[in-house]
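*Asks:* I have a structure here, written as structure tokens, and I will follow up with some questions on it.
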Amino acid sequence: MVDAPTFRSDGPRRAPTLRKPKIAPPQLFAERRTPPTRPTRDIGELALRTVGVALAVVSTAFAGYMISDAERRPQFAGLEHLAIYSRPTVLAAKRIQTQIADQRGKVDFTPVGSIGEPQSEAGVPGFALLSVRSGVALLQTPNAIIKVSPGDLVEGLGRVTGLERRGEKWALVSSAGVVIGE
């Protein structure tokens with residue numbers, strides 16, 4: 001028979017030995033680093049950026065052109081209808097008071113009264129208002145057809161003080177009188 005090793009329990013007990021972890025030696029040289037790689041851009045992103053920059057440049061150029069063109073008046077469809085919102089109510093009240101004062105002699109204010117004779121729209125003889133657009137009127141004079149705007153001096157009419165809408169017709173108000181359009 002083979003003798004199996006036996007352990008004696010009467011001897012001094014030894015503590016198990018602990019192994020120390022292996023520490024890597026310090027590095028004397030730094031590792032070489034590779035430069036970071038640029039992310040790849042796909043064609044769609046590049047095209048979108050290019051279009052965005054191009055639109056920004058075009059809109060800036062257009063805004064600069066519109067600001068630099070001082071002779072051009074802005075034109076908006078229906079602006080004459082919106083003009084009532086830009087005027088203070090004090091001016092509207094004064095205008096109504098003057099219209100009422102002008103009509104007092106022609107209107108009978110009794111409860112059973114009637115409206116007086118229609119106002120004659122006789123203008124200055126020899127002048128006719130052909131059309132009005134964007135604050136400029138086309139006026140037929142005895143000699144020619146001319147464009148006028150408020151502030152212009154017209155021979156035979158004097159200074160043009162304004163262009164007004166009276167019902168469905170336009171009126172050119174000047175120092176010599178009023179010319180009603182057709």
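The values are calculated or read from the model by the stated rules, or taken from the named source; none is laboratory data. Since this is a predicted model, take the numbers as computed values, not measurements. Quick reminder, even Gly has a Cβ in these numbers, built from the backbone with ideal geometry, and neighbours come from all protein chains shown. Heads up: the accessible areas ignore ligands, DNA and RNA and are worked out on the full protein's heavy atoms, side chains in. Shrake-Rupley method; radii C 1.70, N 1.55, O 1.52, S 1.80 Å.
*Asks:* Roughly how much of Lys94 is accessible, in Å² to the nearest 10, using a 1.4 Å probe?
*Replies:* 120
*Asks:* While we're looking at this one, here's another question. Taking the simple approach of a point 7 Å from Cα along Cα-to-Cβ for both Lys22 and Ala176, what is their distance in nm?
*Replies:* The answer from the label model is 11.6 nm.
*Asks:* Using a 10 Å cut-off on Cβ atoms, rank the peptides 168-180, 143-155, 51-63, 123-135 from the highest mean neighbour count down.
*Replies:* 168-180, 123-135, 143-155, 51-63
*Asks:* In addition: Quick one: which residues, 5 or more positions from Asp152 or on another chain, have an amide H under 5 Å from its amide H? H modelled 1.01 Å from N in the peptide plane, none for Pro or chain starts.
*Replies:* For Asp152, the qualifying residues are Val160.
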